[in-house]
Every structure is written in structure tokens, then in C-alpha cells.
Amino acid sequence: MEIRPLDIQGAWEVTPKVFSDSRGRFAEGFRADHLAKYIGHEMQVRQTNISVSTAGALRGIHYSDVPPSQAKYVTAVSGVFVDFVVDIRVGSPTFGRWDSVLLDTVDRLAVYLSEGLGHALACVEDGTAVYLCSEVFAPSREHGLTPVDEQVALSFPDGFTPLLSDKDAAAPTLAAAAAHGLLPRYDDCVAYRRSLA
């Protein structure tokens, strides 16, 4: 398993080693011990989400209050997705920037994003993505930003026409959320991650 940091501090791309033979293919989808070497603690999985999406579905940008927020480990079990990690942490050196990873069933990549980061998932081909989450869903702590915010400017594949939920379409922009004090603070996110070690 290879793990490399993304351009946003607190996010990593995970590439499993795939073993093939006449029966098919096998790969380890998640290894808490390997991941812990990079994130500084062992991820405790408290909830698993299964997202079945049609081509064009765009979910996010979602995030939750810190602490405890919700770290996520995301991979595709069918179809093709673009996974976006958005730095929404006020005071971060990469505030407002994003990085992305293509998730499919060929390379079997996964993305880990730490507490306090924004997350969006764009479905390119009908499929299913699985999220391992460090905390259970708590509606009172969950928030969203519009994924079509021109300031954030997520880059979608050619021909991709976003299908948004009403909630995501009505979500505030990054600037509006920052102006209203709705975003996590970078220092709080770093301190919380350190407390998990």
C-alpha cells in the first residue's frame, strides 16, 4: 500500500497493492496501521456510508464542526468518481484551495481527509462509493458549501453537468460562510488532530 500526501495538508491518496490471478483480483482496501504512520493516530471507524450515484451527481462540499468533526476514507466499489478535498480551514496556508483524486475500480485508489476539511464527490460514471467515517453523522454539526462556488472553482471532467441536491444548491459560498463564522479554524483542526495521537 502506497500513501502520498495531497496538496492540502491533512489529506492523503492511498494506492493499494493489487494481486491478480486466474480467479480475479484482490487488494486491501483499508489498513488502519499503515494509515496511522501518516496521520499520527489509528483511524477509528464509527460509521460506514454507501453512496450510490448516477453520472453527474455532485455531493458536497460537506464538512462538520471541529471537534470532533468527521475524518473520511473514501473509495469506489463501482463506477468512476472525482473525489475533491477542499481546504476550508480559516488560517490555513492553503485556505480556499483544493486537490482531487480519480476513484475507480481499475486502480482502486482511496482518499483520506482529516477532520475539518471540506469534501465533495462528483460521479463521472454511475457507481457506488464507500465512506469510512471516524464519527457518526450528527445533523446539528453538519454543514455545506455550494460545490459550484466560483471562488473555489472545482474542475470537473469535460461534459460533466452537475446534478445537485436542493440543500447543496442552496448552500453558502466559501466567502459567505467565512463572513458568518461558519468555517472551522485551522489551528483548532491541527490541535484536535494532535489530541488523537
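The values are calculated or read from the model by the stated rules, or taken from the named source; none is laboratory data. Being a predicted model, the structure only gives us computed values, none of them experimental. Cβ atoms come from the backbone with ideal geometry, glycine included; neighbour counts cover every protein chain shown. Calculation scope for accessible area: heavy atoms of the full protein, side chains included, ligands and nucleic acids excluded. Shrake-Rupley method; radii C 1.70, N 1.55, O 1.52, S 1.80 Å.
For the chain, what is the mean residue ellipticity at 222 nm derived from helices alone (per DSSP H run of n ≥ 4: -39500 (n - 2.57); sum divided by total residues; nearest 500 deg cm²/dmol)? After summing the helix terms and dividing by residue count, I get -4000 deg cm²/dmol.
Available extension along the chain between residue 165 and residue 97 is 22.2 nm, counting 0.36 nm per residue and deducting the alpha carbon span.
For residue 2 and residue 155 in the same chain, what is the full-extension length gain: residue separation times 0.36 nm, less their Cα-Cα distance, in nm?
Length gained between residue 2 and residue 155: 52.5 nm.
The equivalent ellipsoid of segment 1-53 has semi-axes of 23, 16, 13 Å, largest first, where each one is the square root of 5 times an eigenvalue of the Cα gyration tensor.
Average accessible surface for segment 96-197: 49 Å² per residue, computed with a 1.4 Å probe over protein heavy atoms with every protein chain in place. Solvent-accessible surface (1.4 Å probe) assigned to residue 48 amounts to roughly 80 Å².
Each principal axis of the Cα atoms in the chain has its own extent, and those three values, largest first, are 57, 42, 28 angstrom. With each label modelled as a point 7 angstrom along the Cα→C-beta vector, the residue 22-residue 38 pair spans 3.6 nm. Calculated FRET efficiency, residue 126 to residue 191, Cβ-Cβ distance, R0 = 30 Å: about 0.15 to the nearest 0.05. Using a cutoff of 8 angstrom between alpha carbon atoms and counting only pairs six or more residues apart, the relative contact order for the chain works out to 28 percent. The charge dipole of the chain, taken about the Cα centre with unit charges on the Cβ atoms of Lys, Arg (+1) and Asp, Glu (-1), comes to about 480 debye, rounded to the nearest 20.
Reported value for segment 106-168: 141 Å³ per residue, from the convex hull of its C-alpha atoms. Taking all protein chains as they are arranged and a probe of 1.4 Å, the heavy atoms of residue 186 leave approximately 40 Å² accessible to solvent.
Less than 15 Å Cβ to Cβ from residue 151, Lys/Arg counted +1 and Asp/Glu -1: what total charge do the surrounding residues give?
Result for the neighbourhood of residue 151: -2.
Local charge for residue 65 was computed over the other residues whose Cβ lies under 9 Å away, with Lys and Arg +1 and Asp and Glu -1, and equals 0.
In whole percents, the pair-distance distribution calculated for segment 1-98 from its alpha-carbon pairs, binned every 5 Å from zero, is 2, 9, 17, 22, 22, 16, 7, 3, 1, 0, 0.
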